[in-house]
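Quick notes on the structure that follows.
The values are calculated or read from the model by the stated rules, or taken from the named source; none is laboratory data. Keep in mind the model is a prediction, meaning the values are calculated, not measured. A quick note on method: Cβ atoms are made from the backbone with ideal geometry, for glycine too, and the neighbour counts reach across all protein chains shown. Only protein heavy atoms, including side chains, enter the accessible area calculation; ligands, DNA and RNA are left aside. Shrake-Rupley method; radii C 1.70, N 1.55, O 1.52, S 1.80 Å.
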Amino acid sequence: MGADLVPSPSLEQAREFILASKAENTLRGYRADWRAFCEWCEGQGVAPLPAFPETVAAYIAECAGRLKPGSIQRRLNAIAEAHKAMGVDSPTMRQWSPTP
């Protein structure tokens, strides 16, 4: 017969794996960054999850005037990880296609 199939992990197992794969300080930073993004979204009247790429771009543009590049990257990472943990596409991933 064919090879044994490995069962797909549940959403909860995926979240646990993400948590286990990050240092505690990184997770703490992600939590704070995610809260900041959610608060900003609430003030703008937009949903943080799933977020539109345009929403994230507007948020990052606002952050650019007051945060260092490393802090902005961590905020992008936090947004991406939150989306990944919920099983939805990240709005931080740029879809690129060559122009003809």
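Overview of results
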| item | result |
| --- | --- |
| Residue in the stretch 33-43 that is open to solvent by 60 Å² or more (accessible area, probe 1.4 Å), of a type in the set (Lys, Arg) and modelled with pLDDT of 90 or more present | yes |
| All positions within the stretch 47-66 that are surrounded by fewer than 15 Cβ atoms within 10 Å (Cβ to Cβ) and in a loop (DSSP other than H, G, I, E, B) | Ala47, Pro50, Phe52, Gly65, Arg66 |
